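What follows is a short report on a single structure.
The values are calculated or read from the model by the stated rules, or taken from the named source; none is laboratory data. Being a predicted model, the structure only gives us computed values, none of them experimental. Here the Cβ positions follow ideal geometry from the backbone for every residue, glycine too, while neighbour counts run over all protein chains shown. Each accessible area value is taken on the protein alone, full model and side chains, heavy atoms only, with ligands, DNA and RNA left out. Shrake-Rupley method; radii C 1.70, N 1.55, O 1.52, S 1.80 Å.
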2 protein chains.
Amino acid sequence: MSWMKPFHHAARILPSVQVVGTTLKLHSCRLRDPLSLVPACLVRPYSAFATSAPRSYAFQVPKSKKKQTDKMSSGTTLKGQPLDKAALESMLRRRMFYTPSFEIYGGVSGLYDYGPPGCALQANIIDTWRKHFVLEEDMLEVDCSVLTPHDVLKTSGHVDKFADWMCKDPKNGEILRADHFVEDVLEARLKGDKEARGQKVEEKEDDPKKKKKKAKSEAVKLDDAVVKQYEEILAQIDNYDGEQLGELIKKYDLRNPATGVQPSPPVAFNLMFQTSIGPSSNLPGYLRPETAQGQFLNFAKLLEFNTGQMPFASASIGKSYRNEISPRAGLLRVREFLMAEIEHFVDPEGHKKHARFHEVENIELAFLDRHTQLSGSTAVKKQTIGQAVKEGLVDNETLGYFLARIHLFLKKIGIDQTKIRFRQHMANEMAHYACDCWDAELLTSGGWVECVGCADRSAYDLSVHAKKTGAPLVVRAQLDEPRVFEEWEIQIEKKKFGPYYKKDGKTVEAAILATSQQERGKLAKELEETGKVVIEVPGVGDGKVEVSKDLLAINWVKRTEHTREYTPNVIEPSFGIGRILYSLIEHNYWTRGTEGGDEARGVLSFPPAIAPTKVLIVPLSNNKDFTPIVHKLSQKLRSAGVSSRVDDSSASIGKRYSRNDELGTPFGVTVDFQTIKDGTLTLRERDSTKQVRAEENKIIEAIKDLVDGKKTWQDIESELPLFEGQEVEVAVR
Amino acid sequence: MSWMKPFHHAARILPSVQVVGTTLKLHSCRLRDPLSLVPACLVRPYSAFATSAPRSYAFQVPKSKKKQTDKMSSGTTLKGQPLDKAALESMLRRRMFYTPSFEIYGGVSGLYDYGPPGCALQANIIDTWRKHFVLEEDMLEVDCSVLTPHDVLKTSGHVDKFADWMCKDPKNGEILRADHFVEDVLEARLKGDKEARGQKVEEKEDDPKKKKKKAKSEAVKLDDAVVKQYEEILAQIDNYDGEQLGELIKKYDLRNPATGVQPSPPVAFNLMFQTSIGPSSNLPGYLRPETAQGQFLNFAKLLEFNTGQMPFASASIGKSYRNEISPRAGLLRVREFLMAEIEHFVDPEGHKKHARFHEVENIELAFLDRHTQLSGSTAVKKQTIGQAVKEGLVDNETLGYFLARIHLFLKKIGIDQTKIRFRQHMANEMAHYACDCWDAELLTSGGWVECVGCADRSAYDLSVHAKKTGAPLVVRAQLDEPRVFEEWEIQIEKKKFGPYYKKDGKTVEAAILATSQQERGKLAKELEETGKVVIEVPGVGDGKVEVSKDLLAINWVKRTEHTREYTPNVIEPSFGIGRILYSLIEHNYWTRGTEGGDEARGVLSFPPAIAPTKVLIVPLSNNKDFTPIVHKLSQKLRSAGVSSRVDDSSASIGKRYSRNDELGTPFGVTVDFQTIKDGTLTLRERDSTKQVRAEENKIIEAIKDLVDGKKTWQDIESELPLFEGQEVEVAVR
């Protein structure tokens, strides 16, 4: 089958992959293999920030509850108007916030370019993020390679587990994401049933492309029992693995509406982009699916840079890549995206207290905890983070501190506070090593979108890399009192050991030293009884290595320790910048009627600090006398650190201001004939369209205070004389 | 041969590639194929910013002259001391400026992670770049996808031409870059000759790894004629193609010193990282080798965003990727790197004047023009850019404007002005369509390094993409007077044309419409005489398509035009941020002796605006009374927009300051017992190690003025009382 190529391909490039049976089997086996080193639940995408839409904003909320959410999610503007998504999207395209990449070549789905306003918006979000987290908390920012060799992502579990299930339509060759396909067909049948019963059916706002492809509902009444079964399946759609999805397809005879045939059984598709590093093609690599691994690998150096002091956090801003099977939903699911991730390293002893927790403890958040979700409700509970940690709702202070800081960050950039909730992962949604995990979700016209994940990942990541490489990714802390104890001690006969195992020596030694006290006890017994032990050493031979007692001794010894060695736990706040950016746009969008009333005009009310451009300078006409004034003003604003743009096009003043309302520019300065006479300028505020008039220096000072957040527009209105010159209200083209 | 895999691989993934003969032949043919659409000289890496070392800092400077340069390039510090590169590198590693990526997994050559100081330095360079270029010039910044589909890079010429020549040692499998190999062996022989003649041989400072691998010279005397031949070959090493390099290897019996055998004939190795986009594996793609293509593809939208006004520039900051055959030389040749590129679009008519040229015309630059280079000299000529453009040394004002702006940028971030030169590309080094091209080169211990390329690329890029896609990447300008003229007009019989060519219709039509007036004249004749014409349409059938006269008419018609349509020319300044960052470090590095005189202490004298951290806060000891003072100070600095770090480790004050001299932190504030009494603090300046003492607010104000560049340390010394407290001079570990 030609479509199996990607797997053959993988097997060919990756010499370390053992092909077992057919390629198809290889993958489906692996994902369920109980003996696999990394259980499925360990894999990050399902625990941290995920790009996959259903996981991101549906998770395991019972379907009936999801529907409630969807009703809300038809979307409202900043002013509570119903959100006309088509109008918004057309505006964003027209103003080049973002645009499909390579559009003149037909485009590539899941890839977008940011145009000037989108790029500036992104830079301002990042700048605020850096100030709010990195500078405020003295985090150690790093910038690590995107190209990542196979071994690193094998250890982290991504090579084996970072996959979605896909099916192929045998008739037209269409590739379907299995869970989406099952969901779409069952939803269509339920909709048809409702129509047949004469119930009102809510049309879900959605991507037009998706709508076209979607299973068309026919008004066919179903048995009540069948309806119940379908609803139960939909409620736990994210729980099924590939085999189970395949069984559902067969059992309910789910057919691709485009062809009327059943798709093939689901196979796993790894979501990482694969490449080959260097000329000899023997170093397979991937584009990183997250920035976190680079931070983990540098842990020892970062700890040293921090003069050995704990706790501390590293941070990284950079692109990550996920080869989505069928990306849709615009910026919400893409193949190349900007992430900002923090790894906060903390001593697991001492309840993960946080020294600055008192600064945030009175901040109120909207919590949707796991018990509420299991009870079938999506009702949020408002509570201070201090109370939530005290009650044990949030596991520890450090996690709680970051939830509050995430909330403050989202508030600062202009996210609507009524459209944020913190949703707790349910037990079976969370990796087994994690203590607690919360997502900051933002409400958009597409429903609740996971924009920030915040997980307590315990010592998992550092442990697996340390085990694989033998690198000491640990902290040595001075003990107040020396500790005396007995334990199993490994002694390796170095002189014989190295020559015996040759190139594998280090790996075997690392595996031996990585054994637990309990394991050592058993090994000591084995060694005494049989004169040898068998150690599991993945990657060496068949994975099992025999070590005889002339190479190894295991003794029960008394020891005194002055230091304690531990692997830090990691609290990981992980931000999807593109999703935040898109939500921010929706949250700040509204429309105002024109004077004629024929066309609504879009406005993006970004806070000044986040707005792509702060000031629009508008000369009244192309009169030559305006030029030096405009030039000087723009220079002065620049040296005051305020970004401005000049619009000296021939469009009317009103049209030029409207264009900039759409771009979210908060202030406008008009240069007119009065300016030539007395040096005064008018200053217009975007949201109220009110204007004041004053001389240049006062206007610049006012703008600077507004942009820095030192004054509000109300302050300025009360300080400077209002200008009643009519703003010509012309509808934008 | 197993090492041919990358080429088989390429041919397999890219269905559009036609395999001709053996794969080896395929590639070597292509690069020399005179009928190929894109001649080798069109390819950007050889005209714009190149990562390949010999091209970057050797080019075609006659070898004897290069040696002169190399003598200089043993390197000096900021204070003119001989640069101890090993000491600098050890310091950079210790302070985690950068570190090999994935080091605990053994590392991957050509990939580096930036640690906290490197990351902050990079962010400050980028921030300054954005202010200096994007904000100052109202450029349209975009952020485009790194993943790029095959077709785009096929059109740009990268798929066929973006390659280096590589050989393989048949004995040990080592892969060698052919030009480097020839160079190394001949240089070793010349060195051996010198030794045999008893001449002094200068040891070139170089990468230790390289040195090990390098051909070892043996003291063997050569014929004078042979010496001359070798020198001539080395002088033009960048001029040889693969076949010629292969001939040199055979003719002079060049053998790999590691094995004593001749390597195999050179084959082309494409430098792009290849991947596959989407699940079906049918969309081959690459990681972009430059950010420029995304900007070109968005030209029409950017022009519209700019309300149709010309000239304008777009800009982009982002990572690019080149799969170097054998990267070495640290940050100077890497596989993943940050670029900042500007594409300035300008009307080719009117001599490319620039409205702000008068602002820079008196700036003096150091020029190394092509005539000087051809005459065998590397003597630079200092001249104002105004004079250089007037004399025709620099082709036009726009190009000249950017050269001056590049110079000002490099000066602003702290590049040593005596270590910048602008080197003009020689005629055979430049793409045929380019009018002029200059590189800003910075002098480092490794010689002159190309850090910024600045080329006038004419209309090449927009033209090839327009031709391929049919997208109108043009500007329509209003004419002052309507133009009346006669020309050949194409008329396509749309109703028949589409159904006849089916899916190829658009491509065929685009090819017909892309014909020049001269070609149309010929086609009209052909059509009249034979009733059909044959059009070249690459990618359709065998590349030739027959069009009969019932589908097409070509008439000589009279027309009146009110607008003029033109394809803008592009002036492209292209910055390699990693190279600039490394050069900046070398230019700002120096050492001062300790009091004992036993160990030199490193200092990085970055300008305050660029320094990773601006202020170090040092409590005298871990006395609890200092904590609230330190906390408040750090808060106040933060709200003044100044980044600081606290070092409350137990190291001595002197040691803590020394550590921060190595990090380039320009200012230090000590909190001592006097502070508790009277609220005064000491402020230390890194370069002079002098200190002043004043109360908190005055110190904060002084720091802010220093960081903003409003005051110098001399100003502060004259304003605030000097503090004579002894700084304990302790050698850093």
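Details
- Sorted shortest first, the separations between the A:Pro538 label point and its copies elsewhere in the assembly read 4.7 nm; each point sits 7 Å from Cα along the Cα-to-Cβ line.
- In this view, the solvent-accessible surface of A:Lys614, computed with a 1.4 Å probe and all protein chains in place, comes to about 20 Å².
- FRET efficiency for the B:Asp708 to A:Ser649 pair, using the beta carbon distance and R₀ = 35 Å, is estimated at 0.50.
- Label-point spacing at A:Asp708 relative to the other copies reads 0.8 nm, in ascending order, each point sitting 7 Å out from Cα along Cα→Cβ.
- Per-residue SASA entry for B:Arg659, accessible area with 1.4 Å probe, Å² rounded to 10: 40 Å²
- Positions from segment A:239-270 whose accessible area shrinks by 10 Å² or more when the full protein complex is built, not the chain alone, probe 1.4 Å: A:Phe269
- Kirkwood-based Rg to Rh ratio, segment B:296-373, C-alpha trace: 1.09
- Extension reserve of the B:Asp715-B:Ser463 stretch, reckoned as 0.36 nm per residue once the Cα distance is removed: 85.2 nm
- With the convex hull drawn around the C-alpha atoms of segment B:613-723, the volume per residue stands at 88 Å³.
- On a per residue basis, the convex hull of the C-alpha atoms belonging to segment A:482-531 measures out at 106 Å³.
- In this assembly of identical copies, the label point of A:Ser639 (Cα plus 7 Å along Cα-to-Cβ) is separated from its counterparts by 2.8 nm, sorted shortest first.
- Extension gain, B:Glu137 to B:Leu479, is 120.5 nm, computed as 0.36 nm per intervening residue step minus the present C-alpha separation.
- Value of relative contact order over segment A:263-405, rounded to a whole percent, pairs C-alpha under 8 Å and six or more apart: 18 percent
- Considering the rotation that superimposes chain B on chain A, the residue of B whose beta-carbon lies nearest the axis, and that distance in Å, is B:Thr275, 2.
- Shielded residues, segment A:90-113 - accessible-area loss of 30 Å² or more between chain alone and all protein chains, probe 1.4 Å: A:Met96, A:Phe102, A:Ile104, A:Tyr105, A:Val108, A:Leu111, A:Asp113
- Counting only protein heavy atoms and a 1.4 Å probe, segment A:599-723 has 41 square angstrom of accessible area per residue.
- Cross-link pairs exceeding 31 Å in C-alpha to C-alpha distance, out of A:Lys495/B:Lys191; A:Lys161/A:Lys419; B:Lys161/B:Lys544; B:Lys495/B:Lys544, comprise A:Lys495/B:Lys191; A:Lys161/A:Lys419.
- Rg and Dmax of segment A:478-564, both derived from C-alpha coordinates alone, stand at 14.4, 45 Å.
- Neighbour cut-off at most 16 other Cβ (10 Å), DSSP loop, trypsin sites (Lys or Arg not before Pro), segment B:548-584: B:Lys549
- Fraction of alpha-carbon pairs over 13 Å apart in segment A:434-484 - percent: 73 percent
- Average accessible surface area per residue within segment B:481-563, 1.4 Å rolling probe, Å²: 68 Å²
- Label-zone membership for segment A:289-316, site A:Thr563, 7 angstrom Cα→C-beta point, backbone N under 19 Å: A:298-312
- Neighbourhood net charge (9 Å Cβ-Cβ; Lys/Arg +1, Asp/Glu -1) for A:Val146: +2
- Projecting label points 7 angstrom from Cα along Cα→Cβ for A:Asn172 and B:Asp241 puts them 4.7 nm apart.
- Estimated distance in nm for a label pair at B:Gln674 and A:Glu526, the labels positioned 7 Å out from Cα along Cα-to-Cβ: 6.7 nm
- If R0 is 30 Å, the Cβ-Cβ spacing of A:Asn623 and A:Glu724 corresponds to a FRET efficiency of close to 0.85.
- Eigen-decomposition of the gyration tensor built on the alpha-carbon atoms of segment B:66-205 gives equivalent ellipsoid semi-axes of 35, 28, 19 angstrom, largest listed first.
- Contact residues in segment A:323-348 (at least 10 Å² less accessible area with all protein chains than alone, 1.4 Å probe): A:Asn323, A:Ile325, A:Arg335, A:Glu336.
- ³J(HN,Hα), Karplus 6.51/-1.76/1.60, whole Hz, each residue of segment A:405-411, x for Gly, Pro: 5, 4, 4, 5, 5, 4, 5
- Taking every DSSP beta bridge that has both ends in segment B:613-723, the antiparallel portion is near 60%.
- Take the accessible area of A alone and of B alone, subtract that of the pair with a 1.4 Å probe, and the total buried over both chains is about 7200 Å².
- Here B:Ser516 and B:Lys495 are evaluated by their C-beta separation; at R0 = 30 Å the FRET efficiency comes out at 0.65.
- Applying both filters, DSSP loop and at most 14 other Cβ atoms within 10 Å, to the GluC sites (Glu not before Pro) of segment A:338-432 gives A:Glu349, A:Glu391.
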